[in-house]
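Every read-out reported here was derived from the displayed coordinates using simple, explicitly stated rules and does not represent laboratory data. Computed from a predicted structure; not experimentally measured. FYI the Cβ positions are ideal-geometry reconstructions off the backbone, even for glycines, and counts take in every protein chain you see.
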Amino acid sequence: MKRRDIAIFLTMSLLAVVMIYPFIFMINTSFKSNQQFLGATGHSLSSWKKLFTAMPVGRQLLNSTIVCIGAISLILVVSTMAGFALSKLRSRFSALFFIGIVGAMLIPLQSIIIPAYINASKLNLLSGYWGAIFIYAALGTPFATFLMTSYFRGLPDELIEAAICDGLNYRKVFTKIALPLGIPAIVTVIVLQFIQIWDDLLVGLLFIQDPNYRTITVGLGALSAGRTTSIPVLMAGSLLSAIPAVAVYLIFQRQLVNGLTAGMGK
Amino acid sequence: MLSSQSLSSQRKRVGIFFALPALALVSAFLGIPIIQAGYFSFTQWDGITAVWTGLSTYSHELHNPIFWRVLENNGLLFIGIPVAMLFPMGIAFLLNEKVRGWKAFRTIFFLPTAVSWVVIGMVALRFFAQEGTLNGLFSGFGLSFIKTDFLSSENGALFAVAVTFIWSMVGTNTIIFLTGMATLDSSLNEAARMDGASNFRIFRSITLPQLRRFIQFSFIITVISAFTALFSLIFVMTGGGPGFGTTTLEFFIFQSAFSRGDFGTGAMLGVILFFMMAILGVGQLAIMRSKEE
């Protein structure tokens with residue numbers, strides 16, 4: 001039995017190296033100059049310095065943050081309201097709406113992206129952040145609503161009825177009771193959406209036309225597509241862009257896993 | 001105090017009012033565009049003017065060898081899906097033994113899930129390059145004769161994309177199967193063992209059926225990722241090439257519309273992708289339902 005445990009431990013360790021390899025590669029390569037990457041020995045900070053001239057890093061990090069905050073706020077407002085309505089304020093309309101929401105989860109981004117892009121351009125949404133914010137919000141809302149609905153379903157009906165009997169109206173019940181109790185699910189939505197939006201390329205690439213408004217992931221994608229930037233500089237950029245999402249993951253690991261398994265109706 | 005009649009009607013009214021913002025947002029940016037995609041798939045469309053051409057976009061595309069090449073790429077990626085599921089299932093089994101540090105391993109395996117495809121693609125590009133890590137490993141083990149420039153051949157590039165995809169699914173699928181294994185009823189195993197069942201028999205007849213729901217969920221997630229989430233990876237790693245070697249349907253949609261300006265064909269390909277995913281999703285649900293009854 002002991003020997004078996006050791007064998008498993010070694011296998012898992014080997015696998016851990018395989019999974020963590022990109023991070024080792026990024027860290028190691030980013031601290032090399034191009035010559036050092038191509039064979040010379042030693043490490044240096046020159047690629048990190050070059051990164052900040054090749055890419056407006058600060059601005060792009062800010063852009064990513066703004067887009068994330070905008071889209072996630074929108075998702076939270078509409079999905080908590082809809083989730084409360086679908087779980088506690090049911091009418092004939094709810095079942096139909098719920099089917100629509102689940103159906104919307106099946107729509108691949110690529111299927112709607114062309115008409116959505118043309119619509120956004122006609123509505124002048126492509127010049128700032130708004131086009132991307134709306135698309136991210138619309139893409140995130142179905143699953144967030146699904147998650148909030150199943151979470152609010154777990155709240156006892158008696159609680160809501162008692163509050164109504166005490167003279168609260170439904171709006172107050174929502175803001176004073178449901179929302180505070182829904183915080184765990186809300187955190188899950190924030191974490192899931194943050195990682196998804198922060199890491200996305202396609203929507204940012206199309207729906208943010210002005211390079212000044214580009215998110216860091218799009219900036220990095222554009223830099224790499226140019227194929228003129230040296231690899232260590234790209235690795236420095238990759239590492240920097242990955243840090244916020246990885247940090248959020250490490251802090252909120254449990255919520256992320258909850259969000260993933262919530263899809264199974266566990 | 002309100003009568004229960006008016007309370008109930010008030011509840012319904014508030015309910016509809018509360019659901020409206022989500023409905024408006026999703027309709028405006030997903031619902032209407034998917035209907036438009038359906039309409040524009042029957043037109044020749046450059047993004048400004050659309051001319052109704054009926055089914056001709058479809059029939060034209062069905063005679064386009066590149067379209068079939070693209071579908072073949074999707075098919076080849078599909079073959080990778082069992083690997084992308086079985087491998088993590090094995091990992092989950094081993095982790096479930098709760099060896100020392102299993103929680104740390106779980107964290108590490110899931111880590112790539114937090115990293116964007118752009119970053120993964122960039123590292124994968126160096127990994128599979130002519131002078132990259134993989135070929136370096138081959139040389140190191142005295143296997144320099146199998147050194148190849150993966151990304152310069154169509155099959156090699158698709159293989160590289162598929163391996164990167166499988167690697168990146170390890171975290172998600174391991175978590176799914178770990179969650180499933182936490183729900184297993186161990187008393188069933190003990191009873192079977194008492195009756196003299198072998199380990200393999202226990203796995204096949206007791207463990208697998210209990211995991212069915214999780215296997216199906218993992219399948220859905222893996223297919224969705226393979227067919228609709230690899231855009232950025234392909235964009236960074238191969239640009240769809242060499243030739244059309246790594247152009248999958250989702251990438252072909254982007255190319256048709258935004259590189260060639262053929263929005264009508266792009267819309268049509270989007271409709272095809274939508275139906276592919278819908279059929280897979282609904283078929284999966286149907287199988288799940290029929291087995292549960």
Item checked: Phi-based couplings in Hz for the stretch B:246-252 (Karplus 6.51, -1.76, 1.60; Gly and Pro marked x) -> 10, 7, 8, 4, 4, 6, 5
Margin query: Translational diffusion coefficient of chain A at 4 °C, 1.567 mPa s, Stokes-Einstein with Kirkwood Rh over Cα pairs, in µm²/s as a whole number.
Written below: 61
Notebook entry, point to check: What number in nm² do you get for the protein assembly as shown if you take the convex hull of its Cα atoms and divide its surface by four?
Noted result: 30.7
Next item on the list: Let me know the volume per residue of the alpha-carbon convex hull for the stretch A:1-115, in Å³.
Entry: 270
Margin query: Please report the spacing between the Cα centers of the stretch B:52-68 and the stretch B:189-266 in Å, no decimals.
Written below: 27
Margin query: Which one, B:89, B:199, B:261, is farthest towards the positive end of the dipole of chain B when Lys and Arg carry +1 and Asp and Glu -1 on their Cβ?
Written below: B:199
Next item on the list: Give me A:165, A:68 ranked fewest to most by other Cβ atoms within 10 Å of their Cβ, as a rough exposure proxy.
Entry: A:165, A:68
Item checked: In sequence order, calculated HN-Hα J values of the stretch B:153-168 (Karplus, 6.51, -1.76, 1.60; Hz; x Gly/Pro) -> 10, 4, 5, x, 5, 5, 4, 4, 5, 5, 5, 4, 4, 4, 4, 6
Check: When the gyration tensor of the stretch B:56-292 is built from Cα positions, what are the square roots of 5 times its three eigenvalues, in whole Å, from largest to smallest?
Finding: 36, 26, 15
Note to self: What's the whole-number percent of alpha carbon pairs in the stretch B:1-158 lying beyond 20 angstrom?
What the structure shows: 78
Next item on the list: Quickly rank B:246-254, A:104-112 as a protection proxy: mean count of other C-beta atoms within 10 Å, highest first.
Entry: B:246-254, A:104-112
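Report the rotationally averaged projected area of the stretch A:83-203 based on its alpha-carbon convex hull, in square nanometres.
Approximately 9.0 nm², given one-decimal rounding.
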